[in-house]
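The values are calculated or read from the model by the stated rules, or taken from the named source; none is laboratory data. These figures come from a predicted structure and were not determined experimentally. In this analysis, Cβ positions are derived from the backbone assuming ideal geometry, glycine residues included, and neighbour counts consider all displayed protein chains.
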Amino acid sequence: MTLRAAILVLAVLFVRPPLAPPVGPAATLAAPAQERFVIVPAESQVIYRVAETFINENNRFNVAVGITPVVRGEIFLDRRNPQNSRVGTITVDISQFKSDNIRRDRAIRERWLESARYPLAEFTPTAIRGLPAAYTEGREIALEIAGNLKIREAVKAATFSTTLKLERNTLSGTATTAILMTDFGFDPPAIFGILRAENEARLEFKFIARRAP
């Protein structure tokens, strides 16, 4: 090879343009659009509130409050397009409801709600109304989450009024709704001459969910 030819070869090797970036699937290996957030049971709870009247105590009015922390579920958040976000099925162990009265709790588990026999309630969302087109981290937003609520063997449509806030890798929020016990196949607690509970139960879900690795 002559000296001139060698110089031309070196020029081609070192002056040629860089390779073009890959196209097709290999060029789209960005982070997935949806991030998965998992509800933390130790920092979450489901609460029921039911009005009751103690007939044998001069019709004394009271609101029974029961709490269970045994809840699980996932939320899938799309930061780039929040309107593509979704909520997975939320499962609650209603047999673990505890109030300030052990006898009430036992009667609910064994006689009224029969949660000893039907321990799990499920809410399966079908639509989220109010998701913004863009979201600023740290801002609380109001939503309506519609879906199907299963208690015992009955499934009814339900809508939860929800507030939600994202701070770094943590989602926090509160969701509330009201149901009628008779819609789900059981009567409100009543003991002749002693106690009468209202048919309506107000449900509140306070939750913390953290981004899964």
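Structural remarks
- For the range 85-116, a residue qualifies if it is over 25 Å from VAL155 (Cβ atoms) and of a type in the set (Lys, Arg), and the qualifying residues are LYS98, ARG103, ARG104, ARG106.
- For the range 112-127, the condition holds for at least one residue, the condition being that it is at pLDDT below 95, in a helix (DSSP H, G or I) and more than 17 Å from VAL71 (Cα to Cα).
- Candidates are the residues of the range 158-213 that are β-branched (Val, Ile, Thr) and touching a helix residue (DSSP H, G or I) at 6+ places or on another chain (Cβ under 6 Å); the one that is farthest from ARG103 (Cα to Cα) is ILE208.
- Among the candidates ARG103, ARG80, ARG109, residue that is surrounded by fewer than 16 Cβ atoms within 10 Å (Cβ to Cβ) and in a helix (DSSP H, G or I): ARG103
- Failed item in (1) over 23 Å from PHE192 (Cβ atoms); (2) in contact (Cβ under 8 Å) with a residue 40 or more places away in the chain; (3) surrounded by fewer than 19 Cβ atoms within 10 Å (Cβ to Cβ), with THR89 passing the rest: (2)
- Some residue of the range 67-75 being in a loop (DSSP other than H, G, I, E, B) and either surrounded by fewer than 17 Cβ atoms within 10 Å (Cβ to Cβ) or more than 15 Å from the chain's Cα centre (by Cα) (or both): yes
- Counting only residues that are aliphatic (A, V, I, L, M) and touching a helix residue (DSSP H, G or I) at 6+ places or on another chain (Cβ under 7 Å), the range 69-109 holds 2 of them.
- For the range 84-108, a residue qualifies if it is within 24 Å of the chain's Cα centre (by Cα) and of a type outside the set (A, V, I, L, M), and the qualifying residues are ASN84, SER85, ARG86, GLY88, THR89, THR91, ASP93, SER95, GLN96, PHE97, LYS98, SER99.
- Among the residues here, THR136 does not qualify as modelled with pLDDT of 95 or more and polar (S, T, N, Q).
- Per-region count, the range 132-188, residues surrounded by 15 or more Cβ atoms within 10 Å (Cβ to Cβ), in contact with a strand residue (DSSP E or B) (Cβ under 6 Å, 6 or more places away or on another chain) and part of a loop (DSSP other than H, G, I, E, B): 1
- Residues in the range 35-78 that are closer than 23 Å to GLU198 by Cα and of a type in the set (Val, Ile, Thr): VAL46, ILE47, VAL50, THR53, ILE55, VAL63, VAL65, ILE67, THR68.
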